[in-house]
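The values are calculated or read from the model by the stated rules, or taken from the named source; none is laboratory data. On a predicted model such as this, the values are computed, not experimentally measured, just so you know. Using ideal geometry, Cβ is built from the backbone for each residue, glycine included, and neighbour counts are taken over all protein chains shown. Side chains are part of the model used for accessible areas, which takes the heavy atoms of the whole protein and leaves out ligands, DNA and RNA. Shrake-Rupley method; radii C 1.70, N 1.55, O 1.52, S 1.80 Å.
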Amino acid sequence: MKARPYPRWISRLFILLAGVLAVTGFMQMPITKRYYLSDLPGMAWSANFYTVHRVHYVLAALFLLLLGIVAANWFRAWRGKLALTGFGWARIAVVAALVVSGGFRVYRNLPGVTLDPSLVLAIDWVHLIAAVLLGVLALAALIARRSAYAVRR
Amino acid sequence: MGKTKNRDGGVSRRGFLKAMGVGGAGMLLPAAAARAGEPRVPRPSDGELATLLDLSKCIGCGACVEACRESNAHKFPEPEKPFPDLVPSSRAKNEDWSDKRDVDDRLTPYNWLYIQNAEVEYEGESYDINIPRRCMHCQNPPCANMCPFGAAGKQTNGITRIHDDICMGGAKCRTVCPWNIPQRQSGVGLYKDLMPRFAGNGVMYKCDRCYQKLEKGELPACIEVCPENVQTIGPRHEIVAEAKRLAKEMNGFIYGLEENGGTNTLYVSPVPFDEINKVIDKHPLNKPVGKGLGPGKPHMGPVKDVMADETNLATATLLAPVAGIAAGILGLGARLADKEDDDES
Ligand code: SF4
Ligand code: SF4
Ligand code: SF4
């Protein structure tokens, strides 16, 4: 059971944030009203596209905060002791794609920034596909009982 | 003869030298435009373009509305019927304008420009103001920024366009647009090839500022045809300066300079826009789009920058990882599980 040598709160927070980011990400599509999601108690906010968008930004900032903590620890303390698993590598690559494409989207949304429309299209689809891919990889890792990103060397 | 037929979306960004007036492209232009002073056709190198509409000149003849419809007819939807039975039927409704193509007193998928009218008393004088309405081409367009599929996008020349081959017709752009500009036609587009009953509902249509004409060095149809030279198009900084000059000259007002953080459509009027907004037939700001065929009559009230919160939050997304790294360096979360507990089997 102790397959994950790194702190449990980091894993839990990571899963929680990735989960709600995925949910608010998919809620960027106009589906919450159509499918009565926003009619559920406490979900009325999901009918407002701007609220959903801003919540996604806030969650993304928290996710990046966590990634910052993990990255600093990796290079400072863990690198010699831990080794990334195959599933770990794959998911890190996908998370990197999400971070980069998400960062581009935030940049694109700034006033005074206009990127080439075909670049924007590519960014949007990389973000969407990477999100789906992360879900698939997480599920596969879970089924294979190899959910840990890193194990002790 | 006043009709200019367009072939679709050229690659030619080089045709711009064929300016108006004499020879070449000039032959294709209606006489009205050729006679009218020298409206300069913008070039690709001009960067972000804006249009200026001098409302003191518009006589409401509707020539621009007609020209827009003719010039863009090849882009209009040709939906197949019957439409998919949408799920759930209580929430998702087909929107069909294909039998109402003649409607020209509001925005529809077949009418991207229409004339609003405002009779206003101002400082003891009465004014009859005609206002050509279409997409404002926001500088930071929420319709494009918030499109989940990248179907709506802003080009570097300031045009906001919705690509009909990618658009799913969910109409989010219409909801987030402060003026609810894009209009939906069901029964066309990508969603029909995916899960037509469950996701999407057609394609959204609006003014694309005649991108294909601009690419060829021609003026947008509505600008070219106007007998009163109501509209001018040019690099944004020039248009802003001209709008300010004109407003000063007529002791008038500008709409579009501040609205939604600035748009690439600037209206100049001799009467205040609040007065105009009070009397025009409109769909007010922030009123839900509601059922039916959606609002197609934009207001002219004040609009704050709807992306302002995102702009502020962008800083947070930049600072967050830095803060995280700092916390990590200070040792937060560094402790690994003890080796003994770490039996992997
Ligand atoms: S803008 Fe020009 S063409 Fe359009 S209604 Fe006004 S005067 Fe007529
Ligand atoms: S006016 Fe509406 S449709 Fe036009 S660019 Fe702005 S947000 Fe988009
Ligand atoms: S710029 Fe072109 S598409 Fe837009 S309103 Fe004018 S004629 Fe219509």
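Data table
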{"read-out": "Selection from A:LEU65, A:LEU84, A:VAL23 lying farthest towards where the dipole of region A:1-88 points positive, charges on Cβ", "value": "A:LEU84"}
{"read-out": "Charge dipole of the protein assembly as shown about the Cα centre (unit charges at C-beta), most positive-ward option of B:PRO77, B:THR265, B:ASN130", "value": "B:PRO77"}
{"read-out": "Stretch in chain A that is longest and holds no chymotrypsin sites (Phe, Trp or Tyr not before Pro) that DSSP places in a loop and that have at most 16 other beta carbons within 10 Å", "value": "A:37-153"}
{"read-out": "Region A:72-95-region B:174-245 distance, computed between alpha-carbon centres (Å)", "value": "48 Å"}
{"read-out": "B:LYS304-A:ARG79 pseudo-label distance in nm [points 7 Å out on the Cα-to-Cβ vector]", "value": "4.6 nm"}
{"read-out": "Probe 1.4 Å, all protein chains present, accessible-area order of A:THR51, B:THR315, largest first", "value": "B:THR315, A:THR51"}
{"read-out": "Summed buried accessible surface, chains B and A, 1.4 Å probe, nearest 100 Å²", "value": "4700 Å²"}
{"read-out": "Entries of B:LYS172/B:LYS244; B:LYS244/B:LYS282; B:LYS100/B:LYS206; B:LYS57/B:LYS206; B:LYS57/B:LYS287; B:LYS282/B:LYS304 with Cα pairs more than 28 Å apart", "value": "B:LYS172/B:LYS244; B:LYS57/B:LYS287"}
{"read-out": "Folded to 0 to 90 degrees: helix A:117-143 orientation relative to chain A principal axis, Cα", "value": "50 degrees"}
{"read-out": "Estimated translational D of region A:16-153 in µm²/s (Stokes, Kirkwood radius over Cα pairs; 20 °C; 1.002 mPa s)", "value": "128 µm²/s"}
{"read-out": "Highest to lowest packing among B:319-332, B:100-113, scored as the average C-beta count within 10 Å", "value": "B:100-113, B:319-332"}
{"read-out": "For region B:220-345: rounded, prolate or oblate by the Cα gyration tensor [a/c cutoff 1.5]", "value": "prolate"}
{"read-out": "For region A:85-146: accessible area per residue (Å², 1.4 Å)", "value": "54 Å²"}
{"read-out": "Cβ-placed point charges (K, R +1; D, E -1), dipole of region B:13-323 about Cα centre in debye, nearest 20", "value": "860 debye"}
{"read-out": "Those residues of region B:265-312 for which accessible area with every protein chain present is at least 50 Å² below the isolated value (1.4 Å probe)", "value": "B:GLU310"}
{"read-out": "Dipole of region A:1-79, positive direction: furthest Cα of A:THR32, A:TYR6, A:VAL55, with charges on the beta-carbon", "value": "A:TYR6"}
{"read-out": "Distance histogram in 20 Å bins (all Cα pairs of the protein assembly as shown, percent per bin)", "value": "21, 47, 24, 7, 0"}
{"read-out": "Unit charges on C-beta of K, R, D, E only; dipole of region B:247-312, Debye", "value": "360 debye"}
{"read-out": "Carbon/sulfur fraction of accessible area - the protein assembly as shown, other protein chains in place, 1.4 Å, %", "value": "60 percent"}
{"read-out": "Net dipole in debye of region B:42-107 [+1 Lys, Arg Cβ; -1 Asp, Glu Cβ; about Cα centre; nearest 20]", "value": "120 debye"}
